[in-house]
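Worksheet: one structure, shown below.
The numbers here are math on the coordinates, done by the rules we state, and not lab data. Please read all numbers here as calculations on a predicted model, not as lab measurements. Please note: Cβ atoms are built from the backbone with ideal geometry, for glycine as well, and neighbour counts cover all protein chains shown.
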Amino acid sequence: MGAIAIGATVGVALTPQQRPATLASPSPHDHIDVTSEEFLDSAPVEIEVTTSASGDARIPRAGVLSRADCRSGSALESGVNAFSIEGEPLLNLVMPLPLWRDLELGEAGADVDSLRAGLRALGDDLDEHGPVTTMLVNALNNRLASINAPGRVSGVSHESIVWLGSAVAVASCPVTVGTHLQAGDVIAEFVPAVESARVTRLPGGLAERRYVVEVDGQVFDLDKDGTLADPARLATDPALNRVRDTAAGGPDSPSRTVHGEYRLAEPLDVLVVPPSSVILAAGTAGCVISGDRQVNVRIVGSELGKTMVVPAAPTRLHSVRVQPEASWKCT
């Protein structure tokens, strides 16, 4: 009996204990399915906005102001009438330079070319350069007639035009109807216009693809150096002009900083794989193992434990090896 008991005790001691199921190692999964998604490569950015001097509009001749369609926050547009002197309408005209003299047929100069530019911008079919011609005089007279203002048969009166450097928002209207004005008196003061805007620090994106930046719900194309690409739109676009007034830099600063989002103009279709599945080569180049083949890929982003890749050549990729051998290299 004693021998049996001793044998049983030794047998229990030498018998391996079963490992509890909760501590058992899980079965390894060599491969994992690949998923796809759209990738925008977005990032928050700061945009430096540079503004012009405020500027103003001035009355071209003396007299009593009989009309003033001028309101703070509105815009003075080219080709319309906003001011009249003693019942005679004046024509708003956006052009590079103001007229500083009356013009007669045959006269030429920078002011003539400026008048041509202002009328061309309104849609008149005129040459870009050249002397005062009957065609130029007629084009201006047609514009004056549209606001019930008199023109000249063989020339141009500079006193019929309110010069605007650009069509920008009005900050204030310092005079009212009934005011007696002298030629050159200020009749409207402008809000500084946006001259340029540039992303101050470009993220490291996909250089060969087109990017945009979104500011206050408005989307702007970007040049390669991060400059917002449409200068004409910048001056009047409500997004930049609205945020400009509250941006860092102060009201008297020529440059201000606003916030926006940088992203791809068109989303990129990418494959999503575990970070551990990618064998790095050089830079953003690498490869993954799918079944028994190597697939070269380009890494375009990563977040929250996933890596976004694009195959270097068109191919179908359904699964990848989760953990390639450490010794494996991309070829």
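Some notes on this structure:
- In plain terms, the C-alpha convex hull of the range 268-321 casts an average shadow of 3.6 nm² when viewed from every direction.
- Geometric descriptor of the range 56-190, per residue, is 88 Å³ (volume of the convex hull of the Cα atoms).
- Calculated from backbone phi, Karplus (6.51, -1.76, 1.60) coupling profile of the range 65-79 in Hz, x at Gly/Pro: 6, 10, 8, 8, 8, 9, 9, 4, x, 8, 10, 8, 9, 7, x
- Rounded to whole Hz, the Karplus (6.51, -1.76, 1.60) HN-Hα couplings of the range 82-96, x for glycine and proline: 10, 10, 9, 10, 6, x, 9, x, 10, 9, 5, 9, 7, 7, x
- Computed about the Cα centre, the dipole magnitude for the range 56-190 is approximately 280 debye when only Lys and Arg (+1) and Asp and Glu (-1) carry charge, each at its Cβ.
- Built amide H within the under 5 Å cut-off of R58, gap 5+: W163, I187
- Computed from backbone phi with θ = phi - 60° and the Karplus coefficients 6.51, -1.76 and 1.60, the 3J(HN,Hα) list for the range 278-287 is 8, 8, 6, 10, 9, x, 9, 7, x, 7 Hz; x is used for glycine and proline.
- Near E37: Cβ cut-off under 12 Å, other residues only, Lys/Arg at +1 and Asp/Glu at -1. The net charge is -2.
- Other residues within the sphere of radius under 15 Å centred on the Cβ of Y262, judged by their own Cβ, net out at -4 (K and R +1, D and E -1).
- Peptides 285-295, 36-46 ordered by packing proxy, namely the average of other Cβ atoms within 10 Å per residue, highest first: 285-295, 36-46.
- Dimensions (Å) - the range 177-218, Cα atoms, principal axes, largest first: 61, 20, 15
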